[in-house]
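Below is one structure, written out as structure tokens; the observations come after it.
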Amino acid sequence: MADLREENASLVDQNSNNKILDPRGRYLRWIAMIFMCFLPFGAYYCDDNPAGLQDVMKEDLKISSSTFTSFYSWYSWPNVIMSAVGGVLIDKWLGVARGATIFCSIVVVGQLVFGVGGFFRLIWVMNIGRFIFGVGSESLSSAQSAYTVSWFFGKQLNFVFGLQLSFSRVASLINLNTIRPIYDSLDSHISGPRRIGVTLLIAASTCIFSLGCALILWWLDNRHRRGHHKDNPNDAAASLWPLVAFLVPKQMLGTAYGLMQSIQNLGFAIINILTGLILDQYGYFMLEIFFIVCLEIALLAAAFLYVYNSFKKGLLNDSPAVRQAKQEQLLKMSSPPQIFINAITSTPVDPENREKTRATTNIQANVSSTC
Ligand SMILES: C[C@H](NC(=O)[C@@H](N)CCCCN)C(=O)O
């Protein structure tokens with residue numbers, strides 16, 4: 001009787017759920033993708049609120065340029081450590097869905113604190129707000145990447161990463177085009193720091209919207225898990241963020257993205273200081289030169305990675321089919337951290353384990369020759 005009831009319940013469940021939300025169907029992941037794209041919308045929108053309000057912020061709050069740039073330093077410096085911590089938290093304790101929701105909530109709190117600080121012209125409160133906001137925002141980005149890799153693979157992964165990046169840039173663009181009009185529209189009602197504060201609090205609504213997306217995504221993710229018990233292989237064509245997905249095993253992706261963002265934030269924080277120094281001493285022309293030099297360094301790093309990977313016969317330039325075959329072999333034979341090293345260098349897994357190593361090399365040679 002109980003069995004019959006269970007069977008009926010499952011039938012009802014199957015019938016009541018239309019195809020769109022079928023965990024094994026083709027639509028669910030694309031619906032999830034929309035929410036994934038909007039997940040960091042608020043964070044990207046609010047991240048550059050200070051830039052969109054630069055002149056009025058300096059005027060209304062009566063702050064110097066260096067105090068203004070400190071809003072960005074308070075975002076970046078803590079993240080040199082906190083992004084990595086956030087990534088580890090996602091992998092070890094929180095999981096992607098809970099992590100994304102928690103980090104979204106932290107973003108909301110950070111933006112609210114920033115706004116309240118502005119309203120009362122308390123710069124130290126604003127700095128704390130940016131600190132909280134930054135911690136949430138960067139770790140949210142790790143969670144978004146980990147989400148993407150857990151839902152998509154193969155060629156789709158690159159497409160989805162690209163789309164998400166476009167959405168993020170659109171959010172920044174919308175901020176730059178709307179935040180000042182929002183501020184201006186408050187003209188007759190309030191003035192001075194209060195006007196800045198209210199503008200920032202209105203902007204916080206985008207973060208609350210993103211929090212809603214995180215909750216919906218959590219629910220969708222639960223459905224998705226019900227339909228997919230097996231892990232997908234992570235393969236993708238080479239470009240920065242998806243590239244990590246096939247170098248690092250899935251259970252370490254949060255950590256890997258967190259670490260990348262830590263290093264990125266160290267760069268932001270240092271560049272912030274250098275930008276101020278160069279601008280004060282040499283002006284905009286030298287600043288442009290400095291940025292061009294930075295770009296050249298990045299280009300050289302990419303070229304080095306390409307050459308090194310080709311030289312070591314690593315995974316990065318392989319077709320998805322070859323990469324998948326190699327990955328599966330490496331996964332079978334390596335501990336997670338070793339996989340990362342192997343993936344990029346194709347070095348033997350363990351010197352004591354010659355047999356296994358020889359087998360991997362043979363397989364890789366076979367795979368290379370057949371493709
Ligand atoms: C995808 C990439 N992400 C980052 O740069 C992260 N540091 C997250 C930035 C979040 C902004 N609030 C990018 O945006 O290019």
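The values are calculated or read from the model by the stated rules, or taken from the named source; none is laboratory data. Keep in mind the model is a prediction, meaning the values are calculated, not measured. We place every Cβ from the backbone using ideal geometry, glycine too, and count neighbours over all the protein chains shown.
Some notes on this structure:
- If the condition is being in a loop (DSSP other than H, G, I, E, B) and not acidic (D, E), then the range 46-61 contributes only L53.
- Candidate set: the range 116-150, residues that are touching a residue at least 60 places away in the same chain (Cβ under 8 Å) and of a type in the set (V, I, T); chosen: the one nearest to V198 (Cα to Cα): V116
- Hey, S83 in a helix (DSSP H, G or I), modelled with pLDDT of 95 or more and more than 24 Å from L176 (Cβ to Cβ) or not: no
- When the criteria are applied in full, D22 fails the requirement of being surrounded by 11 or more Cβ atoms within 10 Å (Cβ to Cβ) and at pLDDT 95 or above.
- Listed conditions (1) loosely packed, with under 14 Cβ neighbours inside 10 Å; (2) over 27 Å from A84 (Cβ atoms) are all met by I278, apart from (1).
- Pairing residues of the range 268-282 that are acidic (D, E) with residues that are away from the ligand (no atom under 15 Å from the Cβ), at Cβ distances under 9 Å and at least 6 apart in sequence or on separate chains, gives D280/S65.
- Residue in the range 127-137 that is more than 22 Å from the chain's Cα centre (by Cα), more than 16 Å from the ligand (Cβ to nearest atom) and over 27 Å from G254 (Cα atoms) present: no
- Residue within the range 212-222 that is within 16 Å of the ligand (Cβ to nearest atom), touching a residue at least 40 places away in the same chain (Cβ under 8 Å) and touching a Pro at 6+ places or on another chain (Cβ under 8 Å) present: no
- Residues in the range 249-260 that are of a type in the set (A, V, I, L, M) and within 16 Å of the ligand (Cβ to nearest atom) were compared, and the one that is nearest to T148 (Cα to Cα) is L253.
Residue-by-condition table, conditions (1) within 16 Å of the ligand (Cβ to nearest atom); (2) outside the structural domain of S64 (by TED's automatic domain parsing); (3) of a type outside the set (S, T, Y); (4) modelled with pLDDT of 90 or more:
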{"residue": "I271", "(1), (2), (3), (4)": "yes, yes, yes, no"}
{"residue": "I278", "(1), (2), (3), (4)": "no, yes, yes, no"}
{"residue": "F290", "(1), (2), (3), (4)": "no, yes, yes, yes"}
{"residue": "C294", "(1), (2), (3), (4)": "yes, yes, yes, yes"}
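- Single residue of L61, L28, L39 found to be within 17 Å of Y147 (Cα to Cα) and surrounded by fewer than 23 Cβ atoms within 10 Å (Cβ to Cβ): L28
- Subset of the range 26-45 (residues that are in contact (Cβ under 8 Å) with a residue 40 or more places away in the chain and assigned to a loop (DSSP other than H, G, I, E, B)): L39, P40
- Failed item in (1) within 24 Å of the chain's Cα centre (by Cα); (2) in a helix (DSSP H, G or I); (3) touching a residue at least 60 places away in the same chain (Cβ under 8 Å), with F153 passing the rest: (2)
- Considering (1) within 11 Å of the ligand (Cβ to nearest atom); (2) closer than 30 Å to A321 by Cβ, the lone condition that S168 does not fulfil carries the number (2).
- Being modelled with pLDDT of 95 or more, aliphatic (A, V, I, L, M) and either over 21 Å from V108 (Cβ atoms) or in the same structural domain as Y45 (by TED's automatic domain parsing) (or both) is a description that applies to V198.
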